[in-house]
Amino acid sequence: MDVVLPDGSTVHVRAAVPNDRVAVQQFLEGLSEESRIFRFFTAVKDLSWAAKRFVEVNHHDQHSLLALRGEAEEVVGHGYYAVEKPGEAEVAFAVADSMQGMGLGTILLGHLAAAAAAAGITTFTAKVMPENHRMLTVFRESGFPVNVRSSLGVMSVTFPTLLTDEARERFERREQISAVAALKRFFEPCSVAVVGASRRRGTIGGEVFHNLLDSGFPGPVYPVSPHPVVQSVPAYKDVRQIEGPVDLAVIVVHADEVISAAQACAEKGVAAVVVISSGFAEAGPVGRARQATLLKICRRSGMRLIGPNCMGILNTAPGFSLNATFAPAVPPRGGVGFMSQSGALGLAVIDHARRVGLGLSTFVSVGNKADISGNDLLEYWESDPRTELVLLYLESFGNPRRFSRVARRVGRGKPILAVKSGRTAAGARATSSHTGALLGASDATVDALFAQSGVIRADTLGELFDVASLLASQRAPAGRRVGIVTNAGGLGIMCADACVADGLVVPELSAATRAALGGFLPAEASTANPIDMIASATPDDYERAIRAVAGSGEVDALIVIFIPPLATSAPEVAAAIGRAGDGGLPVLGVFVGGGLRAATSVPVFAYPEDAARALARAARWTEWRDRPEEPAWHASDARPDEARALVAAALGRGESWLAPAEVGELLSCYGIRLVESRTASTPAEAADAAADLGGPVAVKAYGAGLLHKTEAGAVALGLDGPDAVVTAAAAMALRLGAAGTAPEGFLVQRMAGAGVEMIVGVVQDPLFGPVVACGAGGTAVELLKDVSVRLTPLTESEADAMIRGLTTFPLLDGYRGRPKADVAALRGLVLRLGALAEDVPEVAEVDLNPVIVEADRAGVVDARVRLEARDPRPPEGSRPRPRGAR
């Protein structure tokens, strides 16, 4: 696993193996005498025994990690824990003297703690010499709740292995520092080399070199080429021949030559490389192997990498003006940071930004994201005072859970807009449950990720630029109330309809405001909202109307529409709108026919619907931003260890679907209880169970092939009395046996009361982690497809929003005189299931369907749970930890 240090460089962290014995011994012997004393409490000379102990571990009650750096993979750090008693282990680590103070000890501690927690170790202990102030500082500043005691000249340190909120925040802060340092290597170099610079304009190598020269970059730009002179600049045949230092290298050679070029850059000591060349992971197995080699060279040398298969980077900062792209046009300087996964799209982005006057602070085409990712850029842009707005074009996520954490934090201060391609069902996951079917053929997980993270999602690039133009030039609306001013009544009505359809409100104006408007508008004008000033409206009418409505306090934003009549000049109206739009409220202009998109200080749209859509997205972001931050919900009464033990036992028996009794046991560990039920092996036992329960019952057959019971005829409802139960169960067994799905047994349940049928479920997504769903349930669940989705961990308000956002929510809220259902109980069920999935990732799918929500309870009538063995380490992102592979 590659991790990033605070200076932006990288080290590789992995488990020690027996073959590392010599390297570990050399590392230990290379420590200063003081460091050896601090590690072993004595200046021991012969360390062969320690090296042997640290590489020959049993992985059951010991764990040994190495930090490696450089071409030779030199050991620069070692961390180790050994179990002392059940649930408790002693931890220790050492860092090379030259690397101390760079955060490596904290990184090793974080990884050891994550491994220990996954292995069921809850407590770390450590013995530290009182003089070892640096080690004590590492423990105290890690964020773990450390307890330190003095005992016989030794400091005894104790702390839990699970991260606290404080530790999480500190690791995230270190992560941000590392990302910012890494990106500064690209955006603030003192010198640049173009490996593959061409004499010919029109080629990629020629345009990249020309653009760097033309951008006003303040430092030297070195062409590396077989030709002696490139575009009037003396060239070098090899980057290693350049006399001065090279901070950034842009590689533009054939894919077959990239590896040797990167190796030369590594030997030169280049800090960062941008590989524009294609022919890597996007090109099949050979390309993937080539990309792995490229990344290995970068990791060993400490170089950071953007690309490969990208179009370069751009910085408009006055002191670091840098255009290392092959784009034919340069966008104006501004406050927008833009990242694109697509190189070709990046060209269109830069051109469009120039045409509409959207100023960029920085632009990055990340290509295959072998190293630097969108998450790193978010961390950088958060700290960059020049960047006020972030735009993303995404085709995939490397680490969506980290993206969510970072975006939630960044989005509180700077809006994040994104277009995510791939909305189709082509990549649907294979699932066996109703919940999986609902999520597998949709883009619901991405929608949930963006909604919970405060990211404004645009469906098209046009929408992306529309919202960006609004937020780059105007403050975000404080609410959803919209005033509409127009000289064409029909367009005003269309705009009002579009606003309402997107969730905005078009309020009726007060009598006082209407009277103020009527004081200067002709009698034929309409002073309602929309305000139709009729075709004769002058620029002065526009300015006065905007000021009157904006100053009324009755709207949060204005959409101003102009269609050119014969007598009025569009530029004059644009100037009037610009003058009136400085009162604090966001003002959006609609000039039908276009031509003025970049000619006014307010954002201008071609059609009313575009303006309404952009304003609605901005208003939703404002609501998210202003919502108080809320901690994730935790099930304080849960029994996670018992749940994990039950799951481990089932997986050990090779089971994937839990039997009904085990389903009930697992759910009960998180306070989720099924409707009272009994299991039975035969129809006669089912009759006895029915007599024991009393009253009408339901009988359900269960077995390996019975996933959708109703469709298979494996459910009988409303059976009253043992005779009815015996008859129904026997007929069921006969019918199912003839179909080749003979039941393993029967579940006999007390009939639930009348209520609203819902479904609550979860699916473990390999990238996103647990995805929780809640929606209309019953047998028509996949037909209705009325479902809300969120990613864990959930907050109470997120679970509540899931339920209240359903189209069928009115059924729970007393629709047409029906009694109101217990929404709080349903919300609790959603939260508890989310907590179970978060804590026990081996729970791959859960269906609670139907859940009968009555006036005073939410009863789970049927439940199915599928298990899947997973890596024993915590899923990526479930516990913020030092930076890892993306």
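The values are calculated or read from the model by the stated rules, or taken from the named source; none is laboratory data. Predicted model, so just to flag it, every value in this text is computed and none were measured. Please note: Cβ atoms are built from the backbone with ideal geometry, for glycine as well, and neighbour counts cover all protein chains shown. Protein only, heavy atoms only, side chains kept; ligands, DNA and RNA dropped before computing areas. Shrake-Rupley method; radii C 1.70, N 1.55, O 1.52, S 1.80 Å.
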Out of the residues in segment 371-387 that are of a type in the set (Asp, Glu) and open to solvent by less than 10 Å² (accessible area, probe 1.4 Å), state the one that is farthest from Ala271 (Cα to Cα). Glu379
Of the residues in segment 477-497, how many are surrounded by fewer than 21 Cβ atoms within 10 Å (Cβ to Cβ) and under 24 Å from Arg625 (Cβ atoms)? 3
Within segment 839-857, identify whether any single residue is open to solvent by 60 Å² or more (accessible area, probe 1.4 Å) and among the charged types (D, E, K, R), and answer yes or no. yes
Among the listed residues Val756, Val781, identify the single one that is modelled with pLDDT of 90 or more and open to solvent by less than 50 Å² (accessible area, probe 1.4 Å). Val756
Give me the residue from segment 162-200 that is without any contact (Cβ under 8 Å) to a residue 60 or more places away in the chain and among the hydroxyl-bearing types (Ser, Thr, Tyr) and, out of that set, farthest from Lys268 (Cα to Cα). Thr164
Quick one: would you say Leu747 is without any contact (Cβ under 8 Å) to a residue 40 or more places away in the chain, under 18 Å from Arg864 (Cα atoms) and touching a helix residue (DSSP H, G or I) at 6+ places or on another chain (Cβ under 6 Å)? no
Suppose we filter Val356, Val330 for residues that are in contact (Cβ under 8 Å) with a residue 12 or more places away in the chain, out of contact with any Phe, Trp or Tyr (no Cβ under 8 Å at 6 or more places or on another chain) and at negative phi; which single one remains? Val330
Evaluate segment 676-692: report whether one residue or more is assigned to a loop (DSSP other than H, G, I, E, B), of a type outside the set (Gly, Ala, Ser) and touching a Lys or Arg at 6+ places or on another chain (Cβ under 6 Å). yes
Can you name the condition, by its number, that Gly817 falls short on among (1) of a type outside the set (Asp, Glu); (2) more than 29 Å from the chain's Cα centre (by Cα); (3) surrounded by 23 or more Cβ atoms within 10 Å (Cβ to Cβ)? (3)
Report every pair of residues separated by at least 6 positions or lying on different chains whose Cβ atoms are under 8 Å apart, first residue within segment 641-653 and open to solvent by less than 50 Å² (accessible area, probe 1.4 Å), second of a type in the set (Val, Ile, Thr). Ala643/Val840; Val647/Val840; Val647/Val843
Of all the residues that make up segment 363-397, how many are hydroxyl-bearing (Ser, Thr, Tyr) and within 20 Å of Ser469 (Cα to Cα)? 2
From the option list Arg613, Arg617, single residue qualifying as out of contact with any Leu (no Cβ under 6 Å at 6 or more places or on another chain), modelled with pLDDT of 95 or more and open to solvent by less than 40 Å² (accessible area, probe 1.4 Å) is Arg617
Output for segment 656-707, where each listed residue is open to solvent by 60 Å² or more (accessible area, probe 1.4 Å) and under 43 Å from the mean Cα position of the chain (by Cα): Trp657, Glu665, Arg673, Glu676, Arg678, Thr679, Ala704
Some residue of segment 529-550 being open to solvent by 40 Å² or more (accessible area, probe 1.4 Å) and either at positive phi or within 43 Å of the chain's Cα centre (by Cα) (or both): yes
Show the residue pairs meeting these rules: Cβ distance below 7 Å; 6+ apart or different chains; first residue within segment 572-583 and within 10 Å of Arg544 (Cα to Cα); second residue small (Gly, Ala, Ser). Ile577/Gly589
Quick one: in segment 207-218, of everything that is assigned to a loop (DSSP other than H, G, I, E, B) and out of contact with any strand residue (DSSP E or B) (no Cβ under 7 Å at 6 or more places or on another chain), which residue is nearest to Phe186 (Cα to Cα)? Pro218
